[in-house]
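The values are calculated or read from the model by the stated rules, or taken from the named source; none is laboratory data. Please read these numbers as outputs of a predicted model, since none were measured by experiment. Counting neighbours? That spans all protein chains shown, and the Cβs are built from the backbone with ideal geometry, glycine included. For the accessible areas, the whole protein counts, side chains as well, though only heavy atoms, and no ligand, DNA or RNA atoms are used. Shrake-Rupley method; radii C 1.70, N 1.55, O 1.52, S 1.80 Å.
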Amino acid sequence: MAAKVELADSVGAIAAADWDALHDGGNPFVSHVFLSLLEESGSVGKGTGWTPAPLVLSLDDAGPVAALPAYLKQHSQGEYVFDHAWADAWHRAGGSYYPKLQIAVPFTPATGPRVLTRDPALAPALLRAAEQVCEANGLSSAHATFIEPAQLPLFEAAGWMLRSDIQFHWENRGYATFEDFLAVLSSAKRKTLRKERRAAQEGVTIRRLTGSEIREAHWDAFWQFYQDTGARKWGRPYLTREAFSLLGERMADKVLLVIAEIDGRPMAGALNFIGARALYGRYWGALIDKPFLHFELCYYQAIDAAIELGLSRVEAGAQGGHKLARGYEPVETWSAHYIVHPGFRAAVADFLEKERAGVRAEQLWLGERTPFRKG
């Protein structure tokens, strides 16, 4: 059987059945419907610095058998694995760091598969093709971010450099209710969480919506919340308004929208995605400044929902040490990097070795400060 690797123009140009046959469907972000709606809505593509460039490995008699969700990047925004210092060093040395190849889900710091295939033996050919794309087109580097742990050996075997960081995830240890979760916390922390929830819920009606319960009016409200948060955090919201409508039309059963209302008017909200094993917290925003409402909508409601849905964890997004006191534990996350220039590759490798040691030490330090009962 003859194999070939091609750079497609978009995920949308690939048949949905062919793309989705390459993964188990457990992660909503690598699905054809999610990646293609980012393209269709203009959230990625022309003018965004995210040019879709999925690599697809095909066999003559079998069609696509492996793929990388990849993008040509003209900047380092929306990645949540920060390489700005690398770009600056490259430019000071007289080189051009951009464009680069980003193997990722845009604007989504959630772990998931990055080599999409039912046959891991195909990974070396696909990753080598990514390297060749860089070498043949003058790209500085390739980066795969938020790789699920099971796929790390694929990148390590290919000689890509591994980088670690820390997120805060909530783990479901067989809890039947939120009270079961509270029972494993220290007495002081348990009291604090209950106090925060009471304060956040006072005078507010909180609704968890999914599927057909989500109406266009909810997206209108959430768009206001999202714009406010986006403008404050990263200058320009990454998703377009159309993206939210398409989410409602095409994958509402994978969406959990938490809305806080006052006198029937939506005033704050949090957007989550439902996977087969995890609930993924993505965006939040509010038109009011109410103490602890952020914690309630983003963290406590997510725990409630994960328990109700029988999910094993909540991934609450990037950064946020304040999550630690709310029962979210430090978890190491991983990315993999291929640098074309051998001298710069050696410098990055040395940096990463030192950085990984620091991340491990920080994880141990944070792990000793969780709110769970000791002993």
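Numbers at a glance
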| item | result |
| --- | --- |
| Burial ranking of peptide ranges 98-107, 164-173 (average Cβ count within 10 Å, highest at the top) | 98-107, 164-173 |
| Contour excess over end-to-end distance, with Cα ends at VAL184 and GLU261 and 0.36 nm allotted per residue | 24.6 nm |
| 222 nm mean residue ellipticity, helices alone, for the chain (DSSP H n ≥ 4; -39,500 (n - 2.57); rounded to 500) | -10500 deg cm²/dmol |
| Extension gain (nm, one decimal) between HIS322 and GLU6, 0.36 nm per residue minus Cα-Cα | 109.4 nm |
| Per residue solvent-accessible surface (Å²) - the chain, probe of 1.4 Å | 43 |
| Pairs of lysine residues in the chain - Cα separation under 17 Å, sequence separation of 8 or more or cross-chain | 9 |
| Simple Cβ-charge dipole of the chain, Lys/Arg +1 and Asp/Glu -1, about Cα centre, in debye nearest 20 | 1340 |
| FRET E, pair GLU216, GLU148, Förster distance 45 Å, beta-carbon r, rounded to 0.05 | 0.85 |
| Whole-Å distance, taken between Cα centres, linking the stretch 1-53 and the stretch 178-196 | 42 |
| Pairwise FRET efficiency - GLU362 versus ALA125, Cβ, R0 = 30 Å, nearest 0.05 | 0.25 |
| Pair LEU309, LYS191: separation of 7 Å Cα→Cβ label points (nm) | 3.4 |
| Potential lengthening between SER245 and TYR175 on full extension [0.36 nm per residue; Cα-Cα distance subtracted] | 21.8 nm |
| Value of Rg/Rh across the stretch 1-54 [Cα atoms, Kirkwood radius] | 1.00 |
| Solvent-accessible area, 1.4 Å probe, carbon plus sulfur percent, for the chain | 52 |
| Residue (of PHE372, PRO106, PRO28) at the positive-pole extreme of the chain, dipole from beta-carbon charges | PHE372 |
| Dipole magnitude of the stretch 1-79, debye to nearest 20 (Cβ charges: Lys/Arg +1, Asp/Glu -1, about Cα centre) | 300 |
| Cα gyration tensor category, rounded, prolate or oblate, for the stretch 126-273 with a/c compared to 1.5 | oblate |
| Rounded to 5, the percent of DSSP beta bridges in the chain classed as antiparallel | 90 |
| Peptides 322-334, 361-373 ordered by average Cβ neighbours within 10 Å, highest first | 322-334, 361-373 |
| By accessible area with a 1.4 Å probe, ligands and nucleic acids excluded, highest first: order of LYS46, LYS4, LYS189 | LYS46, LYS4, LYS189 |
| Cα pair distances in the chain, grouped into 10 Å bins until the bin that holds the longest one, percent each | 5, 23, 31, 25, 13, 3, 0 |
| Geometric extent, Cα atoms of the stretch 306-375 - Rg, Dmax (angstrom) | 16.7, 52 |
| Packing-based order for 247-254, 209-216, 302-309, 33-40, using average beta carbon neighbours within 10 Å, highest first | 33-40, 302-309, 247-254, 209-216 |
| Relative contact order [Cα under 8 Å, 6+ residues apart], the stretch 1-151, whole percent | 24 |
| PHE372-PHE351 FRET efficiency (beta carbon distance; Förster radius 35 Å; 0.05 resolution) | 0.55 |
| Over the stretch 57-98: Rg over Rh, Cα atoms, Kirkwood Rh | 1.25 |
